[in-house]
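Every number in this text was worked out from the coordinates using simple rules, so none of it is lab data. Worth saying up front: this structure is predicted, and the values here are computed from it rather than measured. So basically every Cβ, Gly included, is an ideal-geometry build from the backbone, and we count neighbours across all protein chains shown.
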Amino acid sequence: MLLAFDDEAKFARALAAEAALEMRTVARHRFPDGELKLTLPSRLPGRVVLLRSLDHPNEKLVELLLAAQAARALGARQVALVAPYLAYMRQDMAFAEGEAVSQQIVGRFLAGLFDAVITVDPHLHRTETLAQAVPARRAIALSAAPLVGRFVAQLGLRPLLLGPDGESAQWVAQAAQAGGFEFAVGRKTRRGDHEVEIELPAVELRDRHVVLVDDVASTGRTLARTARATYAAGAARVDVAVTHPLFVGDALEALAAAGVREVWSTDSIAHPSNRIALAPTIAAALRGLDAE
Ligand code: R5P
């Protein structure tokens with residue numbers, strides 16, 4: 001059975017259809033003081049999959065705590081989490097003394113609740129595998145990068161793919177391989193939440209069509225700065241493709257102001273830029289779990 005929340009019903013229906021799972025909704029009530037009450041189907045089968053993408057994660061982490069334990073109390077013996085976007089993965093070390101290492105803390109929290117965690121393009125930079133961050137019995141990191149490459153290719157475009165920073169190299173290389181494109185990777189220095197500096201790679205960008213590829217866009221400043229630098233280097237057109245379209249605040253305006261023409265994303269987070277469906281890829285991973 002697939003359990004989902006009503007604000008992710010569209011993705012849940014697609015995933016349930018692809019994975020041939022019965023889909024049921026977790027009802028949510030918010031009390032006046034802000035506490036949550038969740039209501040699950042009163043009888044659950046032995047194996048349950050909970051869908052929750054972890055954009056706006058703080059409240060959703062409490063939902064996961066309540067839902068996973070309630071599912072077990074209602075009969076589920078194995079509970080898997082499908083979190084197309086997995087939050088808190090970027091803080092993978094203490095950059096300053098005293099900082100909480102959120103990746104480890106949230107990862108262990110999820111591993112304590114779920115038998116399996118499936119996600120897409122988690123931001124693993126200094127951590128080699130998802131299992132190191134989320135030590136659940138099964139921790140499965142899928143990648144949307146080949147889907148991104150094939151999506152751009154089927155548009156009939158022949159761009160250079162450009163990753164803004166070293167962390168994006170893993171995704172841009174896979175997307176380029178899947179689409180048969182050239183690729184290059186820049187360097188980023190982050191000065192603050194909204195301040196980044198980008199150094200472009202030494203490739204000829206004059207008159208090129210460039211697609212910027214990254215795992216996640218939050219404030220959009222990384223991509224906006226990269227787009228400005230790419231145009232300054234003579235590019236003819238810049239588009240953007242990301243796995244996780246967080247696009248907080250004025251991110252899309254920042255991209256438009258930088259001259260970005262098209263913004264494409266996967267449906268890991270519901271957003272008007274969604275063009276690439278993840279349900280088939282995630283359903284295949286669920287079938288793999290079933291076979292174990
Ligand atoms: C970090 O390295 C990620 O891959 C993204 O580049 C970053 O999180 C994007 O953040 P923002 O959109 O706020 O610049």
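Once amide H atoms are built 1.01 Å from N in the peptide plane, which residues 5 or more positions from L50, or in another chain, come under 5 Å H to H? It is L3, A80, L81, V82, by chain and number. Roughly what angle does helix 221-232 make with the longest principal axis of the chain, taking Cα atoms, 0 to 90 degrees, to the nearest 10? Helix 221-232 and the main axis of the chain meet at about 20 degrees.
Apply the a/c threshold of 1.5 to the C-alpha gyration tensor of the stretch 162-271 and tell me whether it is rounded, prolate or oblate.
rounded
Can you give the calculated 222 nm mean residue ellipticity of the chain, where each DSSP H run of n ≥ 4 adds -39,500 (n - 2.57) and the sum is split over every residue, rounded to the nearest 500 deg cm²/dmol? Rounded to the nearest 500, it is -10000 deg cm²/dmol.
Measure nothing fancy, just the Cα-based angle from helix 9-19's long axis to the longest principal axis of the chain, in degrees from 0 to 90, nearest 10. For 9-19 against the chain, the angle is about 80 degrees.
Annotation for the stretch 51-116: trypsin sites (Lys or Arg not before Pro) lying in DSSP loop with at most 16 further Cβ atoms inside 10 Å of their Cβ are R77, R90. Which angle from 0 to 90°, rounded to the nearest 10, does the C-alpha axis of helix 102-113 make with the longest principal axis of the chain? Result, in degrees: 30. For the chain, modelled as a GNM whose springs connect Cα atoms under 10 angstrom apart, the maximal fluctuation among L162, L21, L278 occurs at L21.
Under the criterion of Cα pairs below 8 Å and six or more residues apart, the relative contact order for the chain equals 13 percent. Ellipsoid fit via the Cα gyration tensor, the stretch 1-121: semi-axes of 25, 17, 14 Å, each the root of five times an eigenvalue, largest first. Taken along its principal axes, the alpha carbon cloud of the stretch 2-57 reaches lengths of 39, 27, 14 Å, longest axis first.
Under 1.5 on a/c is rounded, so check that first for the stretch 218-292, then, if it is not, pick prolate when a/b is larger than b/c and oblate when it is not; a ≥ b ≥ c are the square roots of the alpha carbon gyration tensor eigenvalues. Since a/c reaches 1.5 and a/b is larger than b/c, the shape of the stretch 218-292 is classed as prolate.
For K37, a cut-off of 21 angstrom between C-alpha atoms picks up these lysines, skipping any fewer than 8 places away in its own chain: K60. With Rh defined as the Kirkwood radius, the inverse of the mean 1/r over Cα pairs, the Rg/Rh of the chain is 0.99. Given axes a ≥ b ≥ c from the Cα gyration tensor, I'd like to know whether the stretch 76-166 is rounded (a/c under 1.5), prolate (a/b larger than b/c) or oblate. The shape class here is oblate. Listed by chain and number, the aspartates and glutamates whose C-alpha is less than 15 Å from the C-alpha of K10, apart from same-chain residues fewer than 8 away, are E18, E22, D267.
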